[in-house]
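This report refers to the structure that appears directly beneath it.
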4 protein chains.
Amino acid sequence: MPRVQLVGATGYGGLGMIEMLLQHPELEASALIARDDAGRRIADVYPHLHGRTDLVVQAPDDTSIGSDCDVVVFATPDRVSMGYAPALADAGVRFLDYSGDFRFPDAPSYAKYAAAHPSIGDNGHAAEALLDRAIYGVPELTDAIAESPIVGNPGCFAVGIILGLAPLFADGLVEGNTVTVDGLTGSSGAGKKPAAAQHFSHLNDNVVPYRVFSHQHVVEAEHTLGGLAGGGASVHFVPHLLGMTRGILSTMHMSLTRTASREALLERYREFFADAPFVRVLDTPPTLKGTAGSNFCDISLLTSPDESRVVVMSSIDNLLKGQSGNALQNLNLMFGYDQTLGLERTPIYP
Amino acid sequence: MPRVQLVGATGYGGLGMIEMLLQHPELEASALIARDDAGRRIADVYPHLHGRTDLVVQAPDDTSIGSDCDVVVFATPDRVSMGYAPALADAGVRFLDYSGDFRFPDAPSYAKYAAAHPSIGDNGHAAEALLDRAIYGVPELTDAIAESPIVGNPGCFAVGIILGLAPLFADGLVEGNTVTVDGLTGSSGAGKKPAAAQHFSHLNDNVVPYRVFSHQHVVEAEHTLGGLAGGGASVHFVPHLLGMTRGILSTMHMSLTRTASREALLERYREFFADAPFVRVLDTPPTLKGTAGSNFCDISLLTSPDESRVVVMSSIDNLLKGQSGNALQNLNLMFGYDQTLGLERTPIYP
Amino acid sequence: MPRVQLVGATGYGGLGMIEMLLQHPELEASALIARDDAGRRIADVYPHLHGRTDLVVQAPDDTSIGSDCDVVVFATPDRVSMGYAPALADAGVRFLDYSGDFRFPDAPSYAKYAAAHPSIGDNGHAAEALLDRAIYGVPELTDAIAESPIVGNPGCFAVGIILGLAPLFADGLVEGNTVTVDGLTGSSGAGKKPAAAQHFSHLNDNVVPYRVFSHQHVVEAEHTLGGLAGGGASVHFVPHLLGMTRGILSTMHMSLTRTASREALLERYREFFADAPFVRVLDTPPTLKGTAGSNFCDISLLTSPDESRVVVMSSIDNLLKGQSGNALQNLNLMFGYDQTLGLERTPIYP
Amino acid sequence: MPRVQLVGATGYGGLGMIEMLLQHPELEASALIARDDAGRRIADVYPHLHGRTDLVVQAPDDTSIGSDCDVVVFATPDRVSMGYAPALADAGVRFLDYSGDFRFPDAPSYAKYAAAHPSIGDNGHAAEALLDRAIYGVPELTDAIAESPIVGNPGCFAVGIILGLAPLFADGLVEGNTVTVDGLTGSSGAGKKPAAAQHFSHLNDNVVPYRVFSHQHVVEAEHTLGGLAGGGASVHFVPHLLGMTRGILSTMHMSLTRTASREALLERYREFFADAPFVRVLDTPPTLKGTAGSNFCDISLLTSPDESRVVVMSSIDNLLKGQSGNALQNLNLMFGYDQTLGLERTPIYP
């Protein structure tokens, strides 16, 4: 059974991968690596795992990144994996990265992303030569993941926007520069580190717009959608942090280059995603809770009365389809499994 | 001291007015009238009022609407006040209405609103002759409230949109047909009647888009903003119901007819609202919780890097500035008081 | 593969069973029966099931209860299954019931329960002759479920109290009449029907004590714990409804008949539950969220400084270990499977 | 108008006092002092105060504690005020302290509290000689606050427990050693500093028991209730942190020394609190939200069927009656005002 080495195992991103690997029939965790909590059982770090696993967190110094495994998963912040990448490439070890390090095919594209990122100072890429060997991991849009040595797992907001708009951009239906997106996210995307913005007394019952026009995930969404359109793409994006734990609901408005009925567009979406087991095109607006706990991306849309405009709404669980679930979907493809293996999860409702 | 007769006293809209009248130095409640709970003390209907008042709810049959009072406040659903209006007008009794009955100056405008309303079947107006004597009650935009015999209190979403966009429309800065608004609302706007959409197990941790492109409050927002612009106005609006109790956060995107800097626009907003004690123009994005429990409308904005687009965000407490608070502000004006009387409430935080 | 006929399929209790049967390797749903929503696809009733199943809800009149199946599961209110029970018994069809109908071995015990129930008027039992063939379905306390033709699935609060106190009662450690329990429950136990107590605007951010000293689940807890103690048992219980969706946290205080150290008691608990795969005895207090989405019952305890008193805390997901999960555990045993089959769910965190 | 110097102005405790002083007709803030955020406008620290005040936070080094004011309010952690106390006493400046420093009449009593406190290392008192000049500030139990130079404002849990049990202890109705209390608190009592226990993703939808049997507030509750009983008092207390922002709901169980009916006990409570404007004795169980935003303490009770036991429930807003509201009530008394001045706040509902 292929063995997965998990780096950055103790954050929420690592946790999601651990939980799914515990139940995966064809993949297993070979090592949990993290600076924080090294030496502790992961079930002591996260008591809800008690009785599910006895795995112990190892410090990065106590094990070699890339040794004794078939793939490395970096559930780490930006600019960590690029440091290990050259050695892994030399050793022929495949890897998947949760951060933005390998989401772009060239250094200038990466530099745009890095410049928009609130905590990246240096916009250069430390493993530039490997960028053209990496693939941006949206399985619904490419078959190349199966053969790729490096997969850049997409950002959470980008997943909801790209899947929500891909059919329209692919068909040239989007009037340039008219796309506005309001993204509503739960707190868990910010990770487990206590911070003022995620302090319970502040965030409960609250909605807080942030990084208006400047969120770095837009860069990858525009890059990908522009590629589908065979030209550029422009998305005006406002993220909002909500007093909720899980989920991203994206509401996307735009003018169409030609009128189209709601029925025709829904039909086109169903056709576009016919082979995408995790995309559900719904007749009614998706809800945040409708995907929570699952790897689904729910999408629906409505047109204006004159059919010149459309609103598309998408919902994902930010920690699953927006992060670890999508990552496992990619791992499945990398190892030749059905992409749904270990991911057949029904959303938790109510 | 002027006496206020409150019709529809036991809904959330009536409750808000009761609470404020209890502490108002210059207005008092003369009667609480409602079908539900008639005969009960309001403090038994709402136990948090225990010890604050001994007022008893009266059935509408047990008292005359408009008798023994200086003003009637209708905190009732659409098409209730229009039935009583002619008799009140004949008797010279002023009134303020929470519903859409008196928000429009003529029957055709009302008909557009009524057609968009999910529970109004008949689009005709039962007191058409009185419409031109009524004023749409946004105190920040008109001085006519003081003298008006009839005030139509605005819809909750409309308040946040109108105040957020008024300076831009007044200055002709809004590129036609480019305005998109995502409105995020707590549950309390739907009132106290149990319903599937407001069932706790369903709504908690949830976000539910609804009435996409078809919410009736847009009609009054477009009417008002179009009036400011000296032409029409078009707003593409998607309301979202959130698993929160109070507040409306509106995020409004549009193209500008000419470029403008963020600083210049903020300065213009501050000037526009210089005499509006409840509008706060902030340097940072407003938050849902930043206005909760108060009558404030917080507004801020950002421009795109090329200054051709702007995002305006506004936050109100939907039950106060979006309903009862704004209503009391109107009552203060109707009786010649300072508009802030009894409304000097600091938001509840945390 | 054994086939399960589900009666009362469209409530939260039925929903939980549907979701688990969809993923169960050795059981399948033969029919979903319900009065509400008959004729609709269950995935239209609950959109989060879209793409997971095409099963259609059938009216009870359109199918025979007990026909074409190997077991009937009644996810129905009190006093429904007792009406069908005699015919099922005659036909030799086994069944499991979610309600209190078959939780007691004799009519007088049932009558005590019925008298405490807020919506049972008649305390008589319509299938009294079958009571001694039924078993109370707490798999951690009995081996008889495997052979039983009728299983009465326990009440949600009862599960948390019984598992939390069973070792102490079994060992005679509980000082009579000193047990007080405060139970904290999410809203989902009240089901999907909109009601004032579960109205979002009322329940959000709220805690509401209810049925103080009089909740019917205490009757079955006292009956079961008294049986373990070889005498009576008395539990003074106050349930509290919380503005949360899932989970029951029970905090149980009592005096001990003899002093005992925390370590000794924890050791005893671990021994008592050594063969119970879903009971986790923790070193730290359990949390509500620590079991959400799983079939676990987490338990921990602390003693007073003089070791004469103990506080035991237990946490369950009220819809899983407190209802459908425990029911499936019972079904597994009824069909000779490992009790964990289809229930190996990790709690959802964060 | 008496001037209040506020030390520790930027925490939630200080914030509550600022908000109330802004609207108080007879008291005003002379200075806001805090280490954090010194030099900033308080309205920039807390944007919801924008437009309400231009006060600037001063560093403790830039002003003299106790100078230019009529009273000092220490909204500071334990062991801060005792350092300043001797100088203030020498200068004849009265003060009120939010911490445990002046809640006890003698050093041995304080030492018991300090020993139970999770962050106090040294159990000695730095201003022991002043303890007998201080009063424990529960205005419902003493008239001495008016004349006292030093007031120790009670702990939040202690307020709910003491008011809930005072009549029973005063009447000798409580059977010794049988009192168990489960306290349910919102997150705001822990203050504004980000921490893992208050991280939104962790606490949302969660209930977390903590400091079982060992919370320091029990020491002052036992001390006060024992004083009322003319003997000792013993309270077995388990606090629970809830995923809510505001409020403490305490559920208190005990055996009675003699039987008493619910009606008789409620009558006795109403008599006991006849002169206490902020205590509301209700016929139905209090709710967490029923007091939120107000200075009320709501209390109700039920007896067991044999009338040998009672459950008392109390609800307070932990930041108001549990902290700043009670503090202002004390300040009012210290300056000879009606205790309700500036505190006539209706709870926020829904």
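The values are calculated or read from the model by the stated rules, or taken from the named source; none is laboratory data. Worth saying up front: this structure is predicted, and the values here are computed from it rather than measured. Quick reminder, even Gly has a Cβ in these numbers, built from the backbone with ideal geometry, and neighbours come from all protein chains shown. Ligands, DNA and RNA are stripped out before the accessible areas are found, and what is left, the full protein with its side chains, is counted by its heavy atoms. Shrake-Rupley method; radii C 1.70, N 1.55, O 1.52, S 1.80 Å.
Listed values, structure above:
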item	result
Which numbered condition D:ALA274 misses (of (1) touching a helix residue (DSSP H, G or I) at 6+ places or on another chain (Cβ under 9 Å); (2) under 19 Å from D:VAL159 (Cα atoms); (3) more than 10 Å from chain C (Cβ to nearest Cβ))	(1)
All positions within the range B:106-122 that are in a loop (DSSP other than H, G, I, E, B) and either of a type in the set (Val, Ile, Thr) or modelled with pLDDT of 95 or more (or both)	B:ASP106, B:HIS117, B:ILE120
Selection within the range D:246-257 - open to solvent by 10 Å² or more (accessible area, probe 1.4 Å) and under 25 Å from C:ALA197 (Cα atoms)	D:ARG246
Flag for A:THR340 being open to solvent by 20 Å² or more (accessible area, probe 1.4 Å), of a type outside the set (A, V, I, L, M, F, W, C) and within 12 Å of chain B (Cβ to nearest Cβ)	no
Unmet criterion (only one of (1) open to solvent by less than 10 Å² (accessible area, probe 1.4 Å); (2) closer than 20 Å to B:PHE278 by Cα; (3) not in a strand (DSSP E or B)) for B:LEU141	(1)
Which listed residue, of A:ILE348, A:ILE299, is touching a residue at least 24 places away in the same chain (Cβ under 8 Å), assigned by TED's automatic domain parsing to the domain that holds A:ALA229 and not acidic (Asp, Glu)	A:ILE299
Every residue from the range B:47-56 that is open to solvent by 10 Å² or more (accessible area, probe 1.4 Å) and touching a residue at least 24 places away in the same chain (Cβ under 8 Å)	B:ARG52, B:THR53, B:LEU55, B:VAL56
Residue list for the range A:52-72, filter: in a loop (DSSP other than H, G, I, E, B), of a type in the set (D, E, K, R) and more than 14 Å from chain C (Cβ to nearest Cβ)	A:ASP68, A:ASP70
Yes/no for C:THR284 being more than 18 Å from the chain's Cα centre (by Cα), open to solvent by 10 Å² or more (accessible area, probe 1.4 Å) and closer than 23 Å to C:ASP182 by Cα	yes
Meets criteria (facing another protein chain (nearest Cβ under 9 Å) and more than 27 Å from D:ALA197 (Cα to Cα)) for C:PRO285	no
Among the candidates C:ILE42, C:ILE33, residue that is of a type in the set (A, V, I, L, M, F, W, C), away from chain A (no Cβ under 14 Å) and farther than 21 Å from C:GLN329 by Cα	C:ILE33
Options C:ALA292, C:ALA274, C:ALA260: the member that is under 15 Å from the mean Cα position of the chain (by Cα), open to solvent by 10 Å² or more (accessible area, probe 1.4 Å) and hydrophobic (A, V, I, L, M, F, W, C)	C:ALA292
Residues being of a type outside the set (Ser, Thr, Tyr), within 19 Å of C:GLN323 (Cβ to Cβ) and touching a residue at least 60 places away in the same chain (Cβ under 8 Å) - total across the range C:121-155	11
D:LEU331 open to solvent by 10 Å² or more (accessible area, probe 1.4 Å), of a type outside the set (Phe, Trp, Tyr) and either over 19 Å from D:THR180 (Cα atoms) or within 11 Å of another protein chain (Cβ to nearest Cβ) (or both)	no
Pair list, Cβ under 6 Å, 6 or more apart: the range D:189-215 residue in the same structural domain as D:MET244 (by TED's automatic domain parsing) and open to solvent by less than 40 Å² (accessible area, probe 1.4 Å), other residue aliphatic (A, V, I, L, M) and in a helix (DSSP H, G or I)	D:GLN198/D:ALA190; D:PHE200/A:LEU203
Scan of the range C:73-105 for residues that are open to solvent by 20 Å² or more (accessible area, probe 1.4 Å), assigned to a helix (DSSP H, G or I) and in contact (Cβ under 8 Å) with a residue 12 or more places away in the chain, ordered by number	C:GLY83, C:TYR84, C:PRO86, C:ALA87, C:ALA89, C:ALA91
Enumeration of residues in the range A:106-124 that are surrounded by fewer than 19 Cβ atoms within 10 Å (Cβ to Cβ), within 18 Å of A:GLY137 (Cα to Cα) and of a type outside the set (Asp, Glu)	A:ALA107, A:SER109
Complete set of residues in the range A:158-182 that are crowded, with 21+ Cβ neighbours inside 10 Å and under 12 Å from A:VAL235 (Cα atoms)	A:ALA158, A:ILE161, A:ILE162, A:LEU165, A:PHE169, A:VAL174, A:VAL179, A:THR180, A:VAL181, A:ASP182
Residues of the range B:297-328 that turn out to be more than 14 Å from chain A (Cβ to nearest Cβ) and out of contact with any Phe, Trp or Tyr (no Cβ under 9 Å at 6 or more places or on another chain), as a count	1
Exclusive hit being closer than 21 Å to D:ALA116 by Cβ and open to solvent by less than 10 Å² (accessible area, probe 1.4 Å), set C:SER304, C:SER308	C:SER304
A:GLY227 vs. criteria touching a helix residue (DSSP H, G or I) at 6+ places or on another chain (Cβ under 7 Å), open to solvent by 40 Å² or more (accessible area, probe 1.4 Å), over 16 Å from A:VAL311 (Cβ atoms) and more than 9 Å from every other protein chain (Cβ to nearest Cβ)	no
Residues of the range C:163-210 classified as facing another protein chain (nearest Cβ under 7 Å) and not in a loop (DSSP other than H, G, I, E, B), total	15
Subset of the range D:211-224 that is more than 14 Å from chain C (Cβ to nearest Cβ) and not in a loop (DSSP other than H, G, I, E, B) - its residue that is farthest from D:GLY322 (Cα to Cα)	D:HIS223
